[in-house]
Amino acid sequence: MPKLSLRRTAITLATLAALHTGVAFADDDVPAAADAASTDKAKTMDAVSVVASGETRQVQKITSEDIQALAPGTSPLKAIDKLPGVNFQSADPWGAYEWSTQITLHGFDQSRLGFTLDNIPLGNMSYGTTTGLQVTRAISSDNISTVELAQGAGALGTAANTNLGGTIQFFSADPDAVAGARINQVLGSDSTTRTFVRLDTGDYHGFSMYVSYDHASTDKWKGYGDQRSNQINLKSVYQWESGSVSLFYDESRRKEYDYMDLSLASQKALGWKWDYLQPDWNTAVQIANAYNGKGAYPAVLSPLPAGYDLVDSTYYAGGGIRRDTLTGLSGTFNLAEHTTLNLGTYYHDNRGEGQWATPYVASSPTIPLAMRTTDYGLDRFGGTGSLQFALGGNEIEVGFWAEDATTNQERNYFYLTGAYNYLSNFYENEAPFLRGFFQHYDSKTRMAYASDTIRFMDDRLTVNFGAKALGVTNSAESLVPSSALAQGRIRASDGFLPQVGVNYKLDANQEVYASYSKNLAAYGFLPFSQSQAAFDASKGSLNPEQSQTFQLGYRVHGDTFEASADAYYTRFTNRLLAVSPCSAVQTCSAILNNVGSVKSTGVDLAVIWRPVEHVRWLNSLSYNSSKYQDDYLNNGVVATDGKYVVGIPSWMFSSDLSYTWGSWRASIDGKYTGRRYITYLNDSEVPSYWLFDLGVSYDIGTVSVLKDLSLGLNVTNLLDKKYYATTGTNGYVASDPQGWNQTLMAGAPRQVFFSINAKF
């Protein structure tokens, strides 16, 4: 993987050693990390909120309290699944297994959302992403203080170039003001163990720091193999009267055996626990031989219907390895009474490899399988900045984001000599006998924005408006002459992407708001997945995807409740679709086209009720209608006009009831997810389902040298529901009435986890 020069890397890291937390926020937003009054945000902030007072768009948040109510180590994305409009799916109980993690929002899939951590861009967090990483690899969930969800395009200054449908911003907790240590130990189903240790220095003349270590290991709930991760976080903050600087460092190492993708037909014939074959080498060899016309398929596959592609019904082994280093440095400087400068910079290095025992390539005449690897290498660095100042009655903010990323992706094949315990290491010291492709990518993002907020009528009426200019240039170079993938350059840009919003306070407890936003998404490296001829022919006619979103909402809060209602309309244009002539696990060129638009309309309702002092009850109801507006051509007309968007449920309902009494805390939450279509013609679908989770904890209090000791019990999928979790893992097809497309993940069964938390 091409690296930055040692000199440039040293300069970047030296710069990182002096600045971290990105853009400062207005008083009614998330507090800046530099705020001396919020050095322990995890304790001082309220829990989940559906009322963001004064905001001109739909905004909700959760805090560490909501994350800590889940099984320790759970992705914060699962915590926001209770919020209206959000659908999060995963094949494991924590939402950490990356091939299966998926989040959708208001009709948009994950690839069209934006994610940041302390204003550091995480890309779209898709599997194998070329410009980011999953939040679970960026930070331990124990160190997150707040997650903020904004529908629409999100704030103008959000460092994202894919946020057509909304943004999710994660904020790390600051170091504790008092020196101490904490340990969390988890034991549970499927030999799960997790150990989290954190040490805090406390505040020393404005300087504070913590360092944490997180080790997790679990067996898969079906099939062979385990999933392991190790992670280190460090955060330091130095504050003085007129500003602060903050450094964040993350190092993550993860290995995971894959779960097998299912189809409707394979699940029905072979059961929910059908998985990869490892360690059954002989059956894998028999399947590969049968595919090549040597013998019959094994009897274990006989329940599958006639005509089913038996070679793809299962494989010997598959999995992934990821190594990440993420460093961010930021500063907030109060230049004058009403003038604040925010500067941030970051650096991210990633090395990843997906391993798969393929039956499509043979190692020898007697070994009909080979090890196929897909290797990822990413080196990116960037910076953010904003200047906030008051001028007369105007609250003005101007800012920028710039990022350069260098990426390598290659597809290699290695000899297998027999039953193989894959996933031990990268294939770094072995030469492949065949190379499918070797692509070098460069991506440059430049964004600038300006906004103004004006308040009228004694602050009862707030109007904000602004615009950003965004330009993203992607280029590709094939490093092997026989590559079937394209090389070249493509750019997505727009010099005027406006946002405008209005908020009017009806009285001290009620407000209404309306907003409009327009945004554009970068192409990414999808155009280069075509053949060179297809890329050259389509480059001049392709247009980047765009969205325009209108929102109208109402918020109200009282002594015992808060509620919000929101209606939205989104027009998503220039939808890009790659049509591939072979199965997802084979290497072949795709054809990329703009295939029309999507209209989404919907309503979100949310209520938090605290009828008595110790009870909190959150209910949210969402309705979404997202439909394709055009047919498209693919060896004939594919009549998608008027069909529902794949993978998006029309109806969702969530209810979360929590109760605290003395040292006890208990919560139970349930969610209904409506049916989801898995073909563009809507002739195949996965059914709706209910899912429940339970959590109980008891705070023992001070015990000897321990400042606090508590015990926790979490039960996921309480009723042991069998259901389809993630859809589209291997993409969607136009039509599949027999349910043969292997693009589904089964949800994890009921699992139980016991945790011990100690603070020193």
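Just so you know, all these numbers are worked out from the coordinates, no wet-lab data involved. Quick caveat: nothing in here was measured; it's all calculated off a predicted structure. Here the Cβ is made from the backbone with ideal geometry for all residues, glycine too, and neighbour counts use every protein chain on show.
Give me the distance between the Cα centres of segment 369-446 and segment 714-760, rounded to whole Å.
Measuring centre to centre over Cα atoms gives 27 Å.
If neighbour count is taken as other Cβ atoms inside 10 Å, put 256, 251 in order from fewest to most.
251, 256
Rounded to the nearest Å, what's the spacing between the alpha carbon centres of segment 470-489 and segment 164-219? Just the number, please.
If you average the Cα positions of each part, the centres end up 40 Å apart.
At R0 = 25 Å, how high is the FRET efficiency between residue 554 and residue 337 if r is their beta carbon distance? Nearest 0.05 is fine.
Values: r = 35 Å, r/R0 = 1.41.
My answer for the efficiency is 0.10.
Taking R0 as 41 Å, what's the FRET efficiency between residue 199 and residue 268 from their Cβ-Cβ distance, rounded to 0.05?
Numbers: r = 52 Å, r/R0 = 1.26.
Efficiency at R0 = 41 Å is approximately 0.20.
Report the charge-dipole magnitude of the chain in Debye, nearest 20, computed about the Cα centre from +1 at each Lys and Arg Cβ and -1 at each Asp and Glu Cβ.
On the way: 58 positive and 74 negative charges, 299 e Å.
Result for the chain is approximately 1440 debye, rounded to the nearest 20.
Can you work out the base-10 log of I(q)/I(0) for segment 223-364 at q = 0.16, 0.22 1/Å, using the Debye formula on its C-alpha atoms alone?
-0.90, -1.27
Which peptide among 531-538, 520-527, 145-152 comes first, and what is the full order, when sorted by highest mean count of other Cβ atoms within 10 Å? Let's see the in-between values first.
Details: 531-538: 15.4, 520-527: 22.6, 145-152: 24.6.
Final packing ranking: 145-152, 520-527, 531-538.
Ratio to report: Rg/Rh of the chain, with Cα atoms as the point set and Rh obtained by the Kirkwood method; give two decimals.
Radius of gyration relative to Kirkwood radius: 0.95.
Evaluate the charge dipole of segment 268-399 about its Cα centre and quote only its size in Debye, nearest 20, assuming +1 on the Cβ of each Lys and Arg and -1 on the Cβ of each Asp and Glu. Don't skip to the answer; put the middle values down first.
Numbers: 8 positive and 12 negative charges, 129 e Å.
Dipole of segment 268-399, to the nearest 20 debye: 620 debye.
What Kirkwood hydrodynamic radius, in Å, does segment 280-439 give when the mean of 1/r is taken over all pairs of distinct Cα atoms and then inverted?
Values: mean 1/r = 0.0501 Å⁻¹.
20.0 Å is the Kirkwood radius here.
If packing is taken as the average count of other Cβ atoms within 10 Å, what order do 399-408, 655-664, 80-89 fall into, highest mean first?
Values: 399-408: 19.9, 655-664: 14.4, 80-89: 24.2.
With the highest mean Cβ count within 10 Å placed first, the list reads 80-89, 399-408, 655-664.
Any chance you could run the full-extension gain for residue 390 through residue 698? It's 0.36 nm times the residue separation minus the Cα-Cα distance, nm to one decimal. Intermediate values should be presented prior to the final figure.
On the way: separation 308, 0.36 × 308 = 110.88 nm, distance 4.83 nm.
Here the segment from residue 390 to residue 698 would lengthen by 106.1 nm.
Could you tell me the extents of segment 606-760's C-alpha atoms along the three principal axes, largest first, rounded to whole Å?
75, 32, 26
Compute the relative contact order of segment 503-650 as a whole-number percentage, counting only Cα pairs closer than 8 Å that sit 6 or more residues apart in sequence.
Values: 313 pairs, mean separation 26.4, N = 148.
Reported as a whole number, the value is 18 percent.
Angle check, please: helix 6-16 long axis (alpha carbons) against the longest principal axis of the chain (alpha carbons), in degrees 0 to 90, nearest 10.
40
Using only the alpha-carbon atoms, how far is helix 281-291 inclined from the longest principal axis of the chain? Give it as 0 to 90 degrees, nearest 10.
The angle comes out at about 70 degrees.
For segment 48-759, what is the relative contact order in percent, using Cα pairs closer than 8 Å and at least 6 residues apart in sequence?
Working: 2049 pairs, mean separation 82.0, N = 712.
The normalised contact order for segment 48-759 reaches 12 percent.
Determine the sum of side-chain charges near residue 746: Lys and Arg each +1, Asp and Glu each -1, restricted to other residues whose C-beta is under 10 angstrom from that of residue 746.
Numbers: positive: 222, 273, 722; negative: 261, 275.
The answer is +1.
When you count, for each residue, the other Cβ atoms within 10 Å and take the mean per peptide, how do 111-117, 699-705, 505-511, 426-432 rank with the highest first?
Details: 111-117: 25.1, 699-705: 10.3, 505-511: 14.1, 426-432: 12.3.
Result, highest mean first: 111-117, 505-511, 426-432, 699-705.
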